[in-house]
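Worksheet: the structure to be examined is printed underneath.
Any read-out appearing in this document is the output of simple, stated calculations on the displayed coordinates, not a laboratory observation. Keep in mind that what you see is a predicted model, and the values were worked out from it rather than measured. Heads up, the Cβs are rebuilt from the backbone with ideal geometry, glycines too, and the neighbour counts pull from every protein chain shown.
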Amino acid sequence: MAEPAKSRSSDPKDAARISQTDDIEAVKALNSAYRKMSDQLSRIIVGQKEVLDQILVAIFCRGHARLVGVPGLAKTLMISTFARLLDLTFKRIQFTPDLMPSDITGTDVLEEDRTTGQRIFRFIHGPVFANMVLADEINRTPPKTQASLLEAMQERMVTVGEQNYPLPDPFFVLATQNPIEQEGTYPLPEAQLDRFMFDIKVDYPSAEEETAIIKQVTGTYEADLETVLTGADILRLQSIVRRVPVADHVVIYARDLARASRPTNADSPGFIKELVHWGAGPRAGIYLILAAKARAILHGRYHATTEDVRAVAPPVLRHRVLTTFNAEAAGITADQVVERLLAEVKPRVEQAIA
């Protein structure tokens, strides 16, 4: 006969201590899973460690990400590999000019019951009903179809007629986009861009990495992957990310970065007023702190720092900083603006020491 489970103390202090101990153990487990996942990913993806880390951070923050890079940089392979390692349902949507919103969300189909002759509508789920959705070449489809993802990304449900259909949990949209060959494309509206937590830049591999890629792809090597985390594990770890402590000066630094990107802000640096047409909104500060928390525990630390905020600032801010015509004419990109912003805006603690 199994022993009865030990009852936990009803003392709030004891309960808090137990909860804190559980969280510390969960952080250790997550760090172990992160190292194991990095090892598994390296069997298929050569290099791109920073990109892979940013995707993981977005996942553990319950956020969505857009991957921007030229064709052939394994963007689709990265996302499908993550789905295998995390034991999640995975759907790929290839965005094309003739794609309709119902092709993504699903639609009601009229069916007839042969026994009664009664006709009823039955909802056929679209490919958005998966834990991980790859929106491939998201800028290849018109705004009407792009907008069909808005409710799914924000509310995590789909509305068809008068019915709401909840999406599976966890749920992530990982979109890819080609920065070249813009003919016949539809730039994402700013409102939809802001729904993406990260805008991840996928760059060319180094010479050594490219050599390894050529050898691996043209050979007979086949990687054997193991599941690292389940959907239930991810949900638990997402809640732990939000409990990671953050000092006030770190929150203030994230706030200052977001506010300094706005040309209408009186305290913004002078170059912002000249180069930026529209700056980051409050959602940027929220994502800076959330991403800093996730980055901290992925690296085995129990609190977020200003260095974590600085590390996640480029993918959080680059798609939220809209440059002016003067900046574009001078060849100044949003990344360069964010880089100058990080150099200009210092944490309050550093300012006090100086």
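What the table shows:
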quantity	calculated
Cα centre as origin, Lys/Arg/Asp/Glu Cβ charges: the range 244-354 dipole, Debye	300 debye
Sum of -39500 (n - 2.57) over DSSP H runs of 4+, divided by residues of the chain (222 nm, nearest 500)	-14000 deg cm²/dmol
Segment Ile252-Arg119, length gained on full extension (0.36 nm per residue, minus Cα span)	42.0 nm
Formal net charge of residues neighbouring Leu235 (Cβ-Cβ distance under 13 Å; K, R +1; D, E -1)	+1
Neighbourhood charge, 9 Å Cβ-Cβ cut-off, centred on Asp199 and excluding it, Lys, Arg +1 and Asp, Glu -1	+4
Mean Cα-pair separation over length for the range 232-354, i.e. relative contact order, pairs under 8 Å, 6 or more apart, %	30 percent
Over the range 244-354, equivalent-ellipsoid semi-axes from the Cα gyration tensor in Å	25, 15, 11
Per-q log10 I(q)/I(0), the range 141-280, q = 0.09, 0.10, 0.20 Å⁻¹ (Debye; single scatterer per alpha-carbon; no solvent)	-0.54, -0.67, -1.26
The chain, relative contact order [Cα under 8 Å, separation at least 6], %	20 percent
Where Cα atoms sit under 15 Å apart: lysine pairs in the chain separated by 8 or more or lying on different chains	7
Magnitude of the charge dipole, the chain, Cβ model with Lys/Arg +1 and Asp/Glu -1, debye to 20	860 debye
Neighbourhood charge, 15 Å Cβ-Cβ cut-off, centred on Asp113 and excluding it, Lys, Arg +1 and Asp, Glu -1	+1
Table column - 3J(HN,Hα) (Hz), the range 329-345, Karplus curve with 6.51, -1.76, 1.60, x for Gly and Pro	5, 8, x, 8, 9, 4, 4, 5, 5, 5, 4, 5, 5, 5, 6, 8, 8
Stokes-Einstein D for the chain, Kirkwood Rh over Cα pairs, 4 °C, 1.567 mPa s (µm²/s)	58 µm²/s
Built amide H within the under 5 Å cut-off of Leu67, gap 5+	Ala175, Thr176, Gln177, Ile200
For Trp278, residues with placed amide H under 5 Å, excluding near neighbours	Leu322
Euclidean distance of C-alpha centroids, the range 193-240 and the range 30-54, integer Å	6 Å
Cβ-derived FRET efficiency at R0 25 Å, Glu307 paired with Arg35, nearest 0.05	0.80
Tensor-based shape of the range 303-346 (alpha-carbon gyration tensor, a/c under 1.5 rounded, otherwise prolate or oblate)	prolate
